[in-house]
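The values are calculated or read from the model by the stated rules, or taken from the named source; none is laboratory data. Just so it is clear, the model here is predicted, and its values are computed rather than measured. Note that each Cβ is placed from the backbone with ideal geometry, even for glycine, and that neighbours are counted across all protein chains shown. Surface areas here come from the heavy atoms of the whole protein model, side chains and all, with no ligands, DNA or RNA. Shrake-Rupley method; radii C 1.70, N 1.55, O 1.52, S 1.80 Å.
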Amino acid sequence: MFINNSQIDNIQGKNVYLKIYRRLLLCAIFLIYYSSIGYSQINAGTNKTICKGESVTLGSVNICDSCQYLWSPSTGLSSTNTARPVANPTITTTYSVTITSNSYIFTTQITVTVNRIPVANAGADQTICYGKSATLTAKGGNSYSWSNRQVTSIITVSPTVTTQYNVTAYIDNCIATDNVVVYVSSLPKSNFIDANSTNFLKCSSSGGNAIFDLSIKNESTPLSNIKQYKIDWGDSSPDTILNNLDIISHKYTQMGYFNLKCIVIDKYGCTGTFNQKIFNGSNPVIGLGIPGNTTGCLQSAFEFPINYKNISGYTNPPGTIYVISFYYGTDHTDTTYVQPSPPAEPMQSVKHSFNKCSCGAVSLNDKNSFYVKITATNECSPSSFSTAGPIQISQKPICDFDISPLSKGCANMDFTIISKITGGKYIRNNICDSNINKYWVITPANYTIATSINNKLGSSINFPADPNSHGSNSITVRFTKMGKYSIKLVAENACGTDTIFKFKEICIDSIPIAKFNVSDFGGCTPHTVNFTDMSVTNSNCNSVSYNWTISEALCNNSNAYSYMSGTNSSSYNPIIKFNKPGIYNIKLEVSANCGKSISFTSINVKSKPDLILKSSDTICEGLSISPSVTNVACNTPTVSYSWSFTGGSITGINNQNPGSITYSKTGNYQINVKGKNGCGDTNIRKILNVISKPEVDICDTI
C-alpha cells in the first residue's frame with residue numbers, strides 16, 4: 001500500500017521523524033521495484049572477450065529508466081553515464097558501474113578480456129623444380145588452417161603448376177590470414193647427339209682393345225637457363241663439369257658397353273638427365289663343342305665346351321649376350337648369360353641334364369635326338385650361333401600293371417595280370433628299341449599258371465641275359481588257396497641295372513558258412529534273446545557282411561520285436577527283445593566276395609492268459625446263471641481256471657465252464673474267475689444284479 005504526500009503532511013509528530021519515514025518509504029519502494037525487475041536487469045552484464053581493435057556493448061539488455069549510471073574507468077568507453085556504453089579497450093579491463101535510484105546506490109562490475117590479434121606469416125614465396133616438394137611453415141598463431149585442408153603449422157606440398165596456398169592463424173577466437181606462392185619451374189631437357197653420326201657405336205673388325213673416339217653435340221633446351229653440365233662417361237674416368245658446352249670428345253680405350261649420363265642444371269637448380277648406351281666392340285663369334293658322349297639316359301649330365309675367341313685370338317667384348325637353347329624336338333628351354341668385364345673370365349662350358357626321352361624327336365636332321373644351340377648377340381650385327389648334337393636320351397622302364405577282373409576274388413578263379421609299362425625306350429643306331437625285359441614274382445606259391453609261350457612268369461635267374469628268364473606281357477593265374485598274395489613286376493632295359501619294382505596285393509576268399517547260437521529258444525513276453533555269430537567266414541579281404549531278418553506268421557503281431565543295446569540287423573551279435581507272443585523265424589545271411597550262406601532257427605515266445613468272461617448281467621431271484629470264460633491270448637500254454645461266486649450255489653469251481661449257479665436272494669453279487677499258466681495269471685470280475693420276481697411271473701430260468 002502506498003502513502004501520498006498529503007497523508008504524510010497530516011501525520012502528527014516531529015518533522016525529523018517525517019523525513020526518516022519518507023526516506024525509509026522510498027527505500028522500500030526501490031526494493032519492491034528492484035525485486036520485480038530482477039537482479040540481472042540492473043547489473044553490468046556478463047564478462048566479455050574480444051579481439052584487440054573490436055568493440056563490445058556493456059550492461060544489461062533491460063535497463064532502469066529512472067536510474068542514474070556512472071561507469072569507470074572511462075578508458076575505451078563511448079560514454080560513462082549511459083546504461084549501455086560501447087567499450088573498445090586495448091588491454092583487458094574491468095569496468096565498474098554505480099546505479100543510483102533516488103538515494104539508493106548499487107555497484108557491479110564486468111571484465112572485458114582483450115586477446116591479441118595474431119600476425120599470420122606463411123613465409124616467403126618459393127620456387128621448386130617440377131616433380132619436387134616444398135615445405136611451407138606458418139607462424140604467428142596457436143593453430144592453423146591451410147587452403148589445402150591441412151591443419152599443422154608445417155606442411156609439405158608437391159604442386160605440378162604454380163599454386164598459391166592460403167593460411168589462417170588462430171589465437172583463441174582471433175584470426176589473421178596470409179598466403180604464399182609456390183612457383184613450379186619446368187625441368188630442362190638434356191639432349192645430346194653423336195656428332196660423328198656413328199649412333200654411339202663402334203664395331204672393330206679384329207676385336208681387341210680398339211679405341212673409340214666419341215664426340216657428342218649439345219642440343220639441350222632451354223639453353224639460356226642452363227648454368228652447368230656434368231658428364232659421366234661410364235668408363236671409370238673422371239666426370240667432366242662445364243658451364244658452357246657445344247661439342248666435346250672422349251676416348252674409350254676398353255671394349256664393351258658403357259652408360260653415358262649427361263646432367264644439365266638450370267638457374268633454379270632443376271636438372272635434366274640424358275642416358276645413352278655406348279658400345280665399343282666387334283661382331284660376336286661363338287663355338288659350341290660336342291661332349292665326350294652324346295648318348296645317355298634320363299637325367300644324365302652333359303657338359304658342352306664354349307669357344308668365345310675369333311681367328312685373331314680375341315674374345316667377344318664384355319656385355320655380349322648368349323642365349324643357350326636346349327631343344328627337345330620342337331620345344332626348347334633357354335638360359336641367358338652375359339659376358340662379364342675383365343678380369344672376370346667368361347663361362348667355359350655349360351652343363352645340362354635332359355629330362356625327356358628323345359625317341360620321336362627330330363633335330364639337326366637326325367631322328368630320335370635332341371640338340372643344343374648357343375647364340376651370341378651384341379650391338380654389332382650379325383649375331384653368331386653354334387649347335388651341338390645329336391644328343392640321344394634313352395629311358396628306363398616305369399612299371400605298373402592291372403589285375404582283371406578285380407583285386408579281390410575267390411579260390412580257383414582265374415585272374416589276368418597285364419603289364420602297363422611306360423617309358424623303357426632305348427636308342428640303338430638311331431632306332432628306338434621298345435623291347436623290355438621283364439619277369440613276375442608271385443608269393444606265396446599257392447597258384448597255378450598255364451604253360452604257354454605267351455603266359456610265362458620269367459625268372460630272376462640269369463636275367464636279363466638268358467631269354468628264357470624273360471616273362472610275358474600278361475599272365476593268367478589261378479589262386480588255389482585263400483589268403484593274400486603279393487605280385488611283383490621287374491622290368492629292365494639297357495639304361496642301367498636299377499630295376500623298378502611295383503607291388504600289388506590280390507586277396508583270395510572262400511564261400512562263408514553261416515552259423516549262430518542263441519541264449520535260449522523261447523520264453524514268456526517280453527523276452528530278450530542274445531544271438532552269437534559262429535559263422536565260418538575265412539575272409540582275408542575284410543568284406544564280410546551280415547543281415548538278420550525276422551518273420552512271424554502265427555500271431556501276426558506288428559511291432560513285435562526290437563533290437564537292443566545299439567545293435568541292428570547288420571550286427572555280428574545282435575540282441576533282440578520280443579515284445580509280443582508268436583513263433584519267430586530267424587534268418588542270418590552272411591555275404592563275402594565269393595558268395596553267401598544262410599542259417600535259420602525259431603524262437604517260441606508265449607504269453608499269459610487273456611480272458612473274456614461271458615455271463616448275464618441281471619436275473620430274477622431263485623434263478624440260475626451258466627457263466628463261461630474264453631482265453632483269447634495267442635501262443636499261450638495250458639490254462640487252469642479257478643472260480644468264486646458270492647451268494648450263489650456253486651456246482652463247479654475249476655472248470656472253464658463251471659456249470660449252473662442259482663441265486664435265491666436279491667442283491668449284487670461278484671463273479672470272479674482266474675486263469676493261470678506258465679507265463680502268469682489273469683483275474684477277471686463281473687457284477688451280477690439279482691432282482692425280485694414281479695407278481696406276474698414273467699421270469700424264465702436263464
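Once the piece of chain linking Thr333 and Leu70 is laid out straight, how much longer is it, given 0.36 nm per residue of separation minus the C-alpha distance between them?
Taking Thr333 through Leu70 to full extension adds about 84.1 nm, to one decimal.
In whole percent, what relative contact order does the chain give with Cα contacts below 8 Å and a gap of six or more residues?
6
Find which of Gln164, Tyr104, Ser79 sits farthest along the positive direction of the dipole of region 56-202, computed with +1 on the beta-carbon of Lys and Arg, -1 on that of Asp and Glu, about the Cα centre.
Gln164
Each residue of region 548-557 in turn: what ³J(HN,Hα) in whole Hz from Karplus with 6.51, -1.76, 1.60 and θ = phi - 60°, glycine and Pro shown as x?
These are the phi-based 3J(HN,Hα) values: 9, 10, 10, 9, 8, 10, 6, 9, 6, 7 Hz.
Between region 597-615 and region 190-227, how far is it from one alpha carbon centroid to the other, in angstrom?
Answer, in whole Å: 119.
Quick check for me: using +1 on Lys/Arg Cβ and -1 on Asp/Glu Cβ, what's the dipole size of the chain about its Cα centre, in debye to the nearest 20?
1020
Would you work out which of Ser452, Met482, Thr618 lies farthest towards the positive end of the dipole of the chain, given +1 charges on the beta-carbon of Lys and Arg and -1 on that of Asp and Glu, about the Cα centre?
Thr618
Which part of region 59-92 falls in the paramagnetic zone of Thr46, meaning amide N under 16 Å from the point 7 Å along Cα-to-beta-carbon?
Output list for this probe position: 59-62.
Whose amide H sits under 5 Å from the amide H of Thr162, counting only residues 5 or more places off or on another chain, with H placed in the peptide plane?
Placed amide hydrogens put Val184 under 5 Å from Thr162.
What is the percent carbon and sulfur in the accessible area of region 332-442, measuring with a 1.4 Å probe over the protein chains and ignoring ligands?
Answer for region 332-442 is 48 percent, counting heavy atoms of protein chains only.
By average Cβ neighbour count within 10 Å, what is the ranking of 379-386, 212-219 from highest down?
Highest-to-lowest ranking by the protection proxy: 212-219, 379-386.
Once fully extended, how much extra length lies between Ser628 and Phe106, figured as 0.36 nm per residue of separation less the alpha-carbon to alpha-carbon distance?
Length gained between Ser628 and Phe106: 175.2 nm.
Find which of Thr636, Gly471, Asn689 sits farthest along the positive direction of the dipole of the chain, computed with +1 on the beta-carbon of Lys and Arg, -1 on that of Asp and Glu, about the Cα centre.
Most positive-ward Cα: Asn689.
Once R0 is set to 25 Å, what does the formula 1/(1 + (r/R0)^6) return for the Cβ-Cβ distance between Ser205 and Asn307, expressed as a FRET efficiency to the nearest 0.05?
Result of the calculation: an efficiency of 0.85.
Just to confirm, what accessible area per residue do you get for the chain at 1.4 Å probe, in whole Å²?
On a per-residue basis, 54 Å².
For Asp520 and Ser599 in one chain, what is 0.36 nm times their gap in residues minus the Cα-Cα distance, to one decimal in nm?
26.8 nm
Compute the distance in nm between two label points, each set 7 Å from the Cα along the Cα-to-Cβ direction, one at Arg84 and one at Thr416.
Calculated label separation equals 11.9 nm.
Out of these labelled values of Rg and Dmax of the Cα atoms in Å, (i) 28.9, 89; (ii) 62.7, 169; (iii) 26.5, 93, which was calculated from the coordinates shown here?
(ii)
Which part of region 83-100 falls in the paramagnetic zone of Thr57, meaning amide N under 16 Å from the point 7 Å along Cα-to-beta-carbon?
83-88
To one decimal place, what Kirkwood hydrodynamic radius in Å is obtained for region 575-702 from all pairs of distinct Cα atoms?
After inverting the mean inverse Cα-Cα distance, the result is 17.9 Å.
Sum -39500 (n - 2.57) across every DSSP H segment of at least 4 residues in the chain, then divide by the residue count to get the 222 nm mean residue ellipticity, nearest 500.
So the helix-based figure for the chain works out to -1500 deg cm²/dmol.
Please find the FRET efficiency linking Gln348 to Ser236, where r is the Cβ-Cβ separation and R0 is fixed at 35 Å, and quote it to the nearest 0.05.
That pair, Gln348 with Ser236, gives E of 0.85.
If the only charges are +1 at each Lys and Arg Cβ and -1 at each Asp and Glu Cβ, what is the size of the charge dipole of region 47-139 around the Cα centre, to the nearest 20 debye?
Dipole of region 47-139, to the nearest 20 debye: 300 debye.
How big is region 224-303 by Rg and Dmax over its Cα atoms, in Å?
Considering region 224-303 through its Cα atoms, Rg and Dmax are 23.2, 72 Å.
Hey, can you rank 319-327, 566-574 by average C-beta count inside 10 Å, highest first?
My ranking of the peptides, most packed first, is 319-327, 566-574.
Can you tell me the FRET efficiency between Lys665 and Asp610 if r is taken as the Cβ-Cβ distance and R0 is 45 Å, rounded to the nearest 0.05?
The calculated FRET efficiency here is 0.85.
Enumerate the amide H contacts of Ile193 below 5 Å, restricted to partners 5 or more residues apart or on another chain; note that Pro and chain-start residues carry no placed amide H.
Close amide H contacts, sequence-distant or interchain: Lys217, Glu219.
Be a star and scan region 411-453 for residues whose amide nitrogen sits under 12 Å from the point 7 Å along the Cα-to-Cβ vector of Arg478.
Residues passing the 12 Å test: 411-415, 447-451.
Could you give the dipole magnitude of region 111-227 about its Cα centre, charging the beta-carbon of Lys and Arg +1 and that of Asp and Glu -1, in debye to the nearest 20?
The calculation lands at about 60 debye.
Would you please give the residues with an amide H less than 5 Å from that of Asp366, counting only those at least 5 places away or on a separate chain, with H modeled from the backbone geometry?
Here the answer is none, since no amide H 5 or more places off falls under 5 Å of that of Asp366.
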